[in-house]
Structures are given as C-alpha cells and as structure tokens.
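Below is one structure, written out as structure tokens; comments come after it.
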Amino acid sequence: MVQTKFQAYASLKPGEKLQQWEYEPTPLGPHDIEIQVTHNGLCHTDIHMRDNDWNVSKFPLVAGHEVVGKITQIGNDVNYFNIGDRVGVGWIRNSCRRCSACLRGEENVCRQGYTGLIVGNHGGFANKLRTTADFAYKIPDNLDSASAAPLLCAGITVYTPLRTYIKNPGMKVGVIGIGGLGHLAIKFARAMGAEVTAFSTSVSKEAEAKSFGAHHFYNWNDAEKMQQISGSQDLILSAGSSEIDWDKAFKLLANNGVFCLVGLPVSTLNIPLLSLVFGQKSVVGSVVGGRRFMNEMLEFAAINQIMPMVETMPLSHINAAMDKVANNQARYRIVLVSE
C-alpha cells in the first residue's frame, strides 16, 4: 500500500531556517499510533537540535517534541487508546522497558538510554506524527491543548525534581530564572505547598513572578539583599540557560539543602567544596521525567489548573517563533498551532 506523505517543516542542514518538506513515514507498527498534530510547544531544545549544538541531530530534521493532537490510526496491539483521543507526546519516544529505572517508571534515566522523539526520528512540526503508543499520554479534558503542549517538556522537566525533593509543606524553594521553565516551576512549587522565592536579573518580572505564585522576589544583582537571605533555601531549582554566579547560588542554600539544575548553560559548574561538605548540601541534575511522573503531572496540572503563560502562533511562522525564543522575547512559551 502506498503511504501518504507527511507535510512538515524541516531544517535540511545544521543552522538552516526551517522550510516546507515532505517525507514518507515508516509503516505503522503494531505498537504505534498516528496523530493528527494540532499544537506544538516550542522549546529551546528544538533550536539546539536545529543548530546541532549537541552533535546528535540528523538531517533533514523535523523537530517538535511538545506535541498535542488527535489519534487517527492505531496499531493492532494498542488497546488502550481510541481513534479521536486527544493525546500528547514529549521528549522520550521509547526506552528499554526492562532495566530497574524503567520498571520504576523512570524511563528518563533508562540504563540502556532512552530514545528521543527527535533524535534520529521526525517530530511534531508536521501535519502528522507516528510514534510509540506507550509514550503518548491522554490529555485531561480540563486542560486545553495550547496549555497542555508545553507541559510535555517544560512542565515535566520542573515537576520531576520538585516532586522528588519537596518533602513537606512549607519547604523553602528558590527558583532561579523566570522563563519557560522557571514560571512553571513557581506554579508547581506553590501548588505543592512550598514557600516560593523567585530570583531574576529582570526586575520587571517581579509582578509576574508573584502572579505565578511566588511569595518573594529578589533581584539577583542586589548583593545586599542576597546576603540577607543567605542560607535560607531548602531547595533551589536553577532553570535558566545562562551561566550564573554559582558561589552566590550555593550561599543561598540552607544546610542539607539541594541545588538542582534543569537549565543547561554552556559552562563548567564550579562547586564551592567547603560549603558543600560542611553544609551537607547536594548538587543534582534532573532531565524531563518518566511515564510515572508524566501521567501524574498532567493530572496534577489539570486539578490545580496549572497552565503555562503562552503565546500562540501559526505553525507556518515557525522561523519567526524560533527567532523570538532565541532572542529571549517569549513570555513565556510559544505554542505553534496547525493551520
């Protein structure tokens, strides 16, 4: 049977603007689904992949890994979805399913290495997507598609460490960087019962940060204020993509505090060892999340009405949208809507 070609926006070479492109999809496997794409959250990772910053991109590249749409075809062995179901797909396409991490629902740290949706595969910047059904997620009815899309990467990226390290209500949680990740971190941390402090170099973001749920806001460049709250935070989530003063960040941590990186600045982390050892502090990283937390996060967001601040643009404006994200002009996530 002749396959119908999918219409996509692809980068044909590293660093090139995306252009209209079509490709022949792989046959629908017994464990696969086909999705009519309606919404794509635009993540900075899509730009990194376009530019091959991590040397893992394969071209032509169809990016897009915060995908929402409706199921149009179902593989023969898929018995938990129906045609027409609204589903989302995030960064992880598949994993080994057998290691101890996968069996815990932590496929994001699969011991064999998970398969990324857009690493060697085509993603959601297209009219349709075929992917593994087991890594698609039903979108709760009271989450609209434009709000749900960024949750599939940005949302799960901050939810996983917050869910892991917030042990009780009233914990003091600091969020460094009020952008696509940070504004969602504030919302989730507040809903989990934490006392939330936002840190930013952009003083103009104070009102917005507090509207997201931050109890306190501090200008990162105000040395006197930062000194006054030294040792105050039980958990700090570093959500920015720019290098910061790591020593300053560590001084904010309380004893037994956890410093967690989810943003990826291109830099070397210099850890102040005396503070680390004598304060019994921890430095951790966290990458997206597995199926256990993804399903939980979507339900938590629906119940608590945690939605990102989004700006919608037509998918055909993908290059303009990427420029806006690259220039730090998005407030706070751009969602591309299929036309």
Hey, in the GNM for the chain with a 10 angstrom Cα cutoff, which one of A239, A249, A320 fluctuates hardest? A320
Which residues does a label at V283 reach in the range 214-238, if reach means a backbone N under 17 Å from a point 7 Å past the Cα toward the Cβ? 235-238
Net lengthening on full extension, D77/I271 (0.36 nm per residue, minus Cα-Cα): 64.9 nm
Final fewest-first order of E34, E243 on the 10 Å Cβ neighbour count is E243, E34
Within the set I74, I156, I271, GNM on the chain using Cα springs under 10 Å gives the largest fluctuation to I271
Can you put H44, H317, H183 in order of Cβ neighbours within 10 angstrom, beginning with the fewest? H317, H44, H183
Between the range 122-198 and the range 208-243, what is the C-alpha centre distance in whole Å? 20
Around R104, what is the net charge, scoring Lys/Arg as +1 and Asp/Glu as -1 over all other residues with Cβ under 14 Å from its Cβ? +3
In the chain the DSSP beta bridges are antiparallel at a rate, in percent to nearest 5, of 55
Per residue, what volume in Å³ does the convex hull of the Cα atoms of the chain enclose? 135
What translational diffusion coefficient, to the nearest whole µm²/s, does the range 156-285 have by Stokes-Einstein, given a Kirkwood radius computed over alpha-carbon pairs, a temperature of 10 °C and 1.306 mPa s viscosity? 111
At a threshold of 8 angstrom on Cα-Cα distance, excluding pairs fewer than six apart, so keeping six or more, what relative contact order does the chain reach in percent? 17
Net charge of neighbours whose Cβ lies under 10 Å from the Cβ of A149, counting Lys and Arg as +1 and Asp and Glu as -1: -1
Nearest-ten-degree value, helix 156-165 long axis tilted from longest Cα axis of the chain: 40
Pull up the DSSP beta bridges for the range 156-285 and report the antiparallel fraction as a percent, rounded to 5. 0
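Would you tally the net charge around G29, using a Cβ to Cβ cut-off of less than 12 Å, leaving G29 out, and scoring K and R as +1, D and E as -1? The partial results should precede the final answer.
Details: positive: R130; negative: D32, E34, D77, D134.
Local charge sum for G29: -3.
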Fewest-first ranking of Y332, Y23, using other Cβ atoms within 10 Å as the exposure measure: Y23, Y332
Of K138/K205; K187/K251; K172/K248; K251/K281; K138/K210; K172/K281, pairs whose Cα-Cα distance is over 22 Å: K138/K205; K187/K251; K138/K210
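Values in this text are rule-based calculations from the coordinates and carry no lab data. Bear in mind that the values here come from a model prediction, so they are computed numbers and not experimental data. Positions of Cβ are backbone-derived with ideal geometry, glycine not excepted, and every protein chain shown enters the neighbour counts.
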